[in-house]
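The values are calculated or read from the model by the stated rules, or taken from the named source; none is laboratory data. Not measured: the values here are computed from a predicted model. Heads up, the Cβs are rebuilt from the backbone with ideal geometry, glycines too, and the neighbour counts pull from every protein chain shown. For accessibility, only protein heavy atoms count, side chains too; no ligands or nucleic acids. Shrake-Rupley method; radii C 1.70, N 1.55, O 1.52, S 1.80 Å.
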Amino acid sequence: MKVLGLETSCDETGLAIYDSELNGGKGGVLAQVLYSQIELHATYGGVVPELASRDHIRKLVPLFDELLDKAGVDKHDIDAVAYTKGPGLIGALMTGALFGRTLAYGLGVPAIGVHHMEGHLLAPLLGADDVAFPFVCLLVSGGHTMLVRADGVGRYEHLGESIDDAAGECFDKTAKMLGLPYPGGPNVAKLAATGDKHAYELPRPMLHKGLDFSFSGMKTAVHNLIKDTPNSDSDPKVRADIAASFQYAVVDTLVKKCVRALKQTGLKRLVIAGGVSANSELRAALESELAKMGAQVHYAPPELCTDNGAMIAYAGFCRLQAGQQDDLSVACVPRWDLTSLNFS
Ligand code: ATP
Ligand code: MG
Ligand code: FE
């Protein structure tokens, strides 16, 4: 079965075809294309919703043609269409939803509206045969930092979340303060690779209690550290030490909360998803800490951690398999609680 996935919730136009018959029936990505609007929004210092919607409209049809070409299939080979229904920017969501719903109607195939964070959550399961429910999932992206217990597709129980900033946002702000380009995560990680993570002590709020997170104090802490440290704008060693110490503080916090969540639920399997799950320090730290308690961590390849069409295609496939059938209406949900989803 071939499912087309469309991701347009923010500033990335991602299209992909998931094929359940690839890899001897394990399933996999037949082809994917991704266009980022980063340059378009760069001069404004943030995503401009109206410009985002217009750019998705401009790119959807050419990207779809490019995708079919790459996959070597005809549009009539598509068995279902999945699109991001929310959460996200309403105008941006509407472009993908209308394109997807209309295309599916024209082709006479089902269309499924997918929750963007469920897309992230299921991505590490795509093509993998060693990850099974139930598991604890750490969702760490540009807009979310949350821990959920996942018992099946659509069966998510809230364990904890950030009471303020998301971890990815924190990476992006730190990158900005260090004069590194957007997206901050990979750039901070690269700089941190040559630094000493013990050079500076940064705060780890709420570390010893519960499963919630708080990252807003980190901005001020990093700001003050940069301001108070001589040559923080010029000395490569000082800059690398700041990046490494910052990354360590975030990773340390995430790891401790994941361990606590596993202990609390009694589960031995952790899945990490979302852009920050691409971070190699986080992956390595979790691998070593979880090994000590006989637990395992699973994650997707880096290109499936950040926004992409494949995760939406795969989530759509999982929901179709679970029996979900959406009608012809297009109703996007800009704010949408992941734990309100049903197994439908
Ligand atoms: P959400 O999914 O919550 O709506 P989003 O879609 O903007 O937010 P993603 O695309 O999942 O977020 O992830 C982007 C975020 O991941 C950015 O904040 C980016 O800095 C961060 N990120 C990407 N790669 C890395 C990395 N290697 N290390 C740390 N952070 C990273
Ligand atoms: Mg993005
Ligand atoms: Fe995302």
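Details
- Acute angle (nearest 10 degrees) that the helix 90-107 long axis makes with the longest principal axis of the chain, alpha-carbon atoms: 30 degrees
- Normalised contact order of the chain, rounded percent, pairs of Cα under 8 Å and 6 or more residues apart: 24 percent
- Note on LYS176 and LYS237: their simple-model spin labels are 3.1 nm apart, each label 7 Å out from Cα toward Cβ.
- Relative packing of 168-174, 185-191, which averages over residues the other C-beta atoms within 10 Å, highest first: 168-174, 185-191
- Other residues with beta-carbon under 12 Å from the beta-carbon of GLY154 carry, at +1 per Lys or Arg and -1 per Asp or Glu, a net charge of -1.
- Rough spin-label spacing in nm, given labels placed 7 Å along Cα→Cβ, for ASP228 and VAL333: 4.5 nm
- Across the stretch 132-299, the relative contact order, built from alpha-carbon pairs under 8 Å that are at least six residues apart, equals 27 percent.
- Full extension of the chain segment joining SER288 with ARG54 gains 79.7 nm, where the gain is 0.36 nm per residue of separation less the Cα-Cα distance.
- Helix-only mean residue ellipticity at 222 nm for the chain, each DSSP H run of n ≥ 4 adding -39500 (n - 2.57), per residue, nearest 500: -13500 deg cm²/dmol
- Within the shell of other residues whose beta carbon sits under 13 angstrom from the beta carbon of LYS219, the net charge comes to -1, with Lys and Arg scored +1 and Asp and Glu -1.
- Cα-projected label distance for HIS158 with VAL47, points at 7 Å along beta-carbon direction, nm: 2.2 nm
- Pairwise FRET efficiency - TYR105 versus ALA322, Cβ, R0 = 25 Å, nearest 0.05: 0.70
- Taking only alpha carbon atoms, the chain gives an Rg to Rh ratio of 0.98, where Rh is the Kirkwood radius.
- Relative to the dominant Cα principal axis of the chain, helix 309-321 is inclined by about 60°.
- For the chain, carbon and sulfur atoms together expose 52% of the accessible surface, with a 1.4 angstrom probe and every protein chain in place.
- Folded to 0 to 90 degrees: helix 167-177 orientation relative to the chain principal axis, Cα: 60 degrees
- Other residues with beta-carbon under 10 Å from the beta-carbon of VAL259 carry, at +1 per Lys or Arg and -1 per Asp or Glu, a net charge of +4.
- Within the stretch 132-299, antiparallel bridges make up roughly 60 percent of the DSSP beta bridges whose residues both belong there.
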